[in-house]
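To start, the structure under review is shown below, and the notes come after it.
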Amino acid sequence: MLYKNDVFEIPASNFRGRLLTANSATDEAWIISLDDAKAWPRMIQLSQLLAMEEAGRLSVSAMPVTPSSRASRVALSHRDTAWQRIVVLVSSPAIFEPDERNRLIRERAQSIKCSHQTLYSALRKYWQGGQTRDALLPAFHKRGGKAGFQTAGKGRKSTKSGHDIFQVEEKDVKSLEKAIRTHFLGSDVATMASAYQRCLEDHYSYVDGNGARYVLPLGDRPTLRQFTRILKKKFDLETVIRKKKSDKEFEQNHRARLGSMDQDCLGVGHIYEIDATIADVFLVFSRDRSRIIGKPTLYLIYDRRSRLVVGFYVGLEAPSWPAAMEAILSIAQNKASLCRRYGVEYNPADWPADGVFPQEFLGDRGEMASKNSSLLVAGLDITVVNAPALRPDLKGTVECGFKLLQRSMADVVPGYEPPENVFKRRGKSYSNDACLTLDEFTSLILANIVAHNRKVMPNFPATAEMLSRGAPPIPREIWANEVATRMGLLSRFSEDHVRFALLPQDQATVSRDGIYFGGCYYSCPEAIEQKWFVTAGKGKFRIDISYDRRLIDNIFIHVVGDPSRYFVGTLLEKSRNYAGLSFAEVQVYEAFRAKMQSESEQNGRQVMSDFHAHSDPIVAAAKEKTQLVTKGKSRTARKADIAEDRFEERRDRRQKEADMSSTFGRPEGPTAQVIPLPTKSSEPAQPATPQGQPTLADKLRRKQQEMLNELKP
């Protein structure tokens, strides 16, 4: 169904028009084209239009018109003037008939003293614009200037140099836009002036015959203002920042902040934000306060909804998974013993989330993005979410918590260093004021956390229900009041369960030497009782373990078939030299050991090579000499006098080894008479014995032979 002022389109004929009026009795409809600047109303059969609409060959839509409330006073004045000119004409139905229209326009032009063209223009505008008075509003916003930002011959001469204004054309716009992209947006340090200078050198300069480049004078090149205008017209501020900085920089510091960090939080216990920082306080050595140990690492865990601090860690570990594990473990830690240990007053109301774990942990792509964070998912059924890089605003609760907590202690803690002093040139040395140990600083942090959980937050976005009850926005009160709606959705775990679930897991090898893992050997009474090491003699097997990377002294051996139980394995004596070290340190030492073994192997190979170089010639010569003297002799003949030969060889060795003349020199005075012992090849040089009496050599030789005869079977 078509109505007055409906805009319709006939795709087949590419016609777009407006229905001005219709008479179903006479089957007449007056329409006007919207795309023809000189169009006049023309008559068409109404039934034809309706048939085309029913057949789907005609689409209808409404065209909005500019409301007068948005128009200026000048535009309204122009509208009213034009309306007064044509109000009499459009009130007559005869204005649609061409013959009557010409007569009525001539008479009206004579009566109000205006031209026919003025009335023609006003009538077309009225009909094409929707037959309302506001259709006559002038389109001032479409007037002036040409497409492409050309200056179109505008501007006056400069009063300083008298040069003509450079007229920017379409080709100049392209050149300026190219220079902006290349020299301004392509670098985060480039300035507008430097990019403009590069633009002139690239596009508005010439090279003379000597190869020297000259920039065109004023009047023949665009000015810096024209260059700036093209930049602002072609590139919006967001595009400039994203191009010159980065998308992350824009999202962090320049984006529109229209949302709230609570919009994704379903209530207390839904999201815990965790992060680490280096505290702004210098500490001293607990055993010698004259020695400074630097700044500790501080972990905080906040509940996003209530701003309640549910966990923390203060230590000397660098921001890493072991430190984050201690912070997460503190959620389930016994708060009474914790407060007693650090001398802080304990009140259960200060820890309403004791042992309660969230549905999500939100980190910052640090330790929470490591593989170890999957232990939270598997062991505690918690989702781990990591914010994009350089987006600290997505976990603003814990980020602001660091600043608020440390600033509140700035006038209390000696050795506090303001963050602005860290990179300040010739800044003050606050480390000289350090006097707190790690335990004393932890006590202050714990007391400050308790104070925060009790403190009213003046800028907290309180709900209408909180305001109607007059409930103060205190973190522990918010948690206590809203946790009832989260019952059945949050989980509570014991400290032992959390510790065991967060420790990294691996497999160790059981052999006859012990339970081997990380370069060390372990044992436990349960393994000895179950005879693991005897069983491993037939073949090594592997077991599941958990371990703490910070200390190698113990491992936790999983009980097969019961994941809730474990054995504690301790170092064997053979690995006791590694006691007190971390697994990373042992890994380094084992790497040193492997390197030494590799070098030792090379050294051993070289030593044996040198030995063979010495032994091979000796053995070869000995073989050659032996072959010459044993030629034709049997093996039995060579061993026939083995006892006598051995005796003579030993006697020769004794004479050589016991001779001290070569060592101490000959004594002064008459030389002593030495009686040589008899040898096999010569007669014995000794005093004569009575005839028939055996000599000493004969007796020894006979005794040796008797002993050999007794050994023979």
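The values are calculated or read from the model by the stated rules, or taken from the named source; none is laboratory data. Computed from a prediction, not measured in an experiment: that's the story for all the values here. A quick note on method: Cβ atoms are made from the backbone with ideal geometry, for glycine too, and the neighbour counts reach across all protein chains shown.
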Worksheet item: Do you know which residues across the range 206-235 are among the aromatic types (Phe, Trp, Tyr), surrounded by 15 or more Cβ atoms within 10 Å (Cβ to Cβ) and touching an Asp or Glu at 6+ places or on another chain (Cβ under 9 Å)?
Response: PHE235
Worksheet item: Restricting the range 364-389 to residues that are part of a loop (DSSP other than H, G, I, E, B) and closer than 22 Å to GLN252 by Cβ, which is modelled with the lowest pLDDT?
Response: ALA389
Fill in: Failed condition for PHE556, given (1) farther than 25 Å from PRO319 by Cα; (2) outside any helix (DSSP H, G or I)
(1)
Worksheet item: Can you tell me which residues in the range 559-579 are modelled with pLDDT under 90 and within 35 Å of the chain's Cα centre (by Cα)?
Response: PRO563, SER564, TYR566
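Restricting attention to strands (runs of 3 or more DSSP E) lying wholly within the range 1-102, give those where 1 or more residues are assigned by TED's automatic domain parsing to the domain that holds GLN131 and over 58 Å from the mean Cα position of the chain (by Cα).
Once the strands (runs of 3 or more DSSP E) in the range 1-102 are filtered for at least 1 residues that are assigned by TED's automatic domain parsing to the domain that holds GLN131 and over 58 Å from the mean Cα position of the chain (by Cα), what remains is 15-23, 28-33, 42-45.
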Worksheet item: List pairs: first in the range 236-251 and surrounded by 13 or more Cβ atoms within 10 Å (Cβ to Cβ), second of a type in the set (Gly, Ala, Ser), Cβ under 7 Å, 6+ apart or cross-chain?
Response: LYS248/ALA389
Worksheet item: Name the residues in the range 159-189 that are touching a residue at least 12 places away in the same chain (Cβ under 8 Å), within 36 Å of the chain's Cα centre (by Cα) and in a loop (DSSP other than H, G, I, E, B), would you?
Response: LEU185, GLY186, SER187, ASP188
Worksheet item: Does PHE312 count as at pLDDT below 95 and either surrounded by 15 or more Cβ atoms within 10 Å (Cβ to Cβ) or not in a loop (DSSP other than H, G, I, E, B) (or both)?
Response: no
Item to complete: Would you point out which residue out of TYR346, TYR342, TYR416 is of a type in the set (Phe, Trp, Tyr) and touching a Ser or Thr at 6+ places or on another chain (Cβ under 7 Å)?
Response: TYR342
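Report those helices (runs of 4 or more DSSP H) wholly inside the range 390-483 carrying at least 1 residues which are surrounded by 19 or more Cβ atoms within 10 Å (Cβ to Cβ). Step through it out loud before you land on a result.
Details: elements: 396-407, 438-454, 464-469, 475-482.
Ranges flagged: 396-407, 438-454, 475-482.
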Discussion item. Just checking, does the range 268-279 include any residue being at negative phi, in a loop (DSSP other than H, G, I, E, B) and touching a Pro at 6+ places or on another chain (Cβ under 6 Å)?
Written reply: yes
Item to complete: May I ask you to say which residue of LEU2, LEU49 is in contact (Cβ under 8 Å) with a residue 24 or more places away in the chain, of a type in the set (A, V, I, L, M, F, W, C) and out of contact with any Asp or Glu (no Cβ under 8 Å at 6 or more places or on another chain)?
Response: LEU49
Discussion item. For the structure I just gave you, tell me whether TYR342 is touching a Leu at 6+ places or on another chain (Cβ under 6 Å), hydroxyl-bearing (Ser, Thr, Tyr) and farther than 27 Å from PRO458 by Cβ.
Written reply: yes
Worksheet item: Is there a residue being charged (D, E, K, R), under 17 Å from VAL240 (Cβ atoms), assigned to a helix (DSSP H, G or I) and out of contact with any Gly (no Cβ under 8 Å at 6 or more places or on another chain) anywhere in the range 209-225?
Response: no
Discussion item. Just to check your reading of the model, which residue among ILE165, ILE180 is surrounded by 13 or more Cβ atoms within 10 Å (Cβ to Cβ) and at pLDDT below 90?
Written reply: ILE165
Practice prompt. Have a look at ILE293, ILE301 and point out the one that is closer than 16 Å to THR442 by Cβ and more than 25 Å from the chain's Cα centre (by Cα).
Written response: ILE293
Item to complete: Could you please tell me which pairs satisfy a Cβ distance under 7 Å, a separation of 6+ or placement on different chains, a first residue in the range 484-505 that is closer than 18 Å to ILE557 by Cα, and a second residue that is among the polar types (S, T, N, Q) and in a helix (DSSP H, G or I)?
Response: PRO504/ASN372
Item to complete: Identify all residues within the range 362-377 that are touching a residue at least 40 places away in the same chain (Cβ under 8 Å) and aliphatic (A, V, I, L, M); write none if there are none.
Response: LEU362, MET368, LEU375, LEU376
Practice prompt. Assess whether ASP6 counts as being in contact with a Leu (Cβ under 7 Å, 6 or more places away or on another chain) and at positive phi.
Written response: no
Discussion item. Which of the numbered conditions does ARG307 fail, given that it passes all the others? Conditions: (1) within 24 Å of the chain's Cα centre (by Cα); (2) farther than 30 Å from PHE184 by Cβ; (3) basic (Lys, Arg).
Written reply: (1)
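Which members of the range 407-425 meet the condition of being out of contact with any helix residue (DSSP H, G or I) (no Cβ under 9 Å at 6 or more places or on another chain) and closer than 30 Å to ARG305 by Cβ?
ARG407, ALA410
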Response to the item:
Picked from the range 226-236 (must be assigned to a helix (DSSP H, G or I) and of a type in the set (D, E, K, R)), the residue farthest from the chain's Cα centre (by Cα) is ARG229
Worksheet item: If you go through the range 237-254 one residue at a time, do you hit one that is modelled with pLDDT of 90 or more, not in a helix (DSSP H, G or I) and not β-branched (Val, Ile, Thr)?
Response: no
Practice prompt. State the number of residues belonging to the range 287-304 that are assigned to a strand (DSSP E or B) and among the charged types (D, E, K, R).
Written response: 4
Discussion item. So for the range 268-284 (the condition being farther than 22 Å from GLU360 by Cβ and free of Cβ contacts under 8 Å to residues at least 12 places away in the same chain), does at least one residue qualify?
Written reply: no
Worksheet, complete the sentence: The one condition PHE611 fails out of (1) surrounded by 10 or more Cβ atoms within 10 Å (Cβ to Cβ); (2) closer than 30 Å to ARG701 by Cβ; (3) modelled with pLDDT of 85 or more is (2)
Worksheet item: Can you name the residue in the range 190-208 that is in a helix (DSSP H, G or I) and under 40 Å from the mean Cα position of the chain (by Cα) and is also nearest to ILE241 (Cα to Cα) among such residues?
Response: MET192
Worksheet item: Can you name every residue in the range 69-85 that is over 20 Å from CYS114 (Cα atoms) and surrounded by 12 or more Cβ atoms within 10 Å (Cβ to Cβ)?
Response: ALA71
Worksheet item: Conditions: (1) exposed (fewer than 11 other Cβ atoms within 10 Å of the Cβ); (2) assigned to a loop (DSSP other than H, G, I, E, B). GLN117 meets all but one. Number of the miss?
Response: (2)
Discussion item. Tell me whether the range 572-583 contains one or more residues that are in a helix (DSSP H, G or I) and within 25 Å of GLU367 (Cβ to Cβ).
Written reply: yes
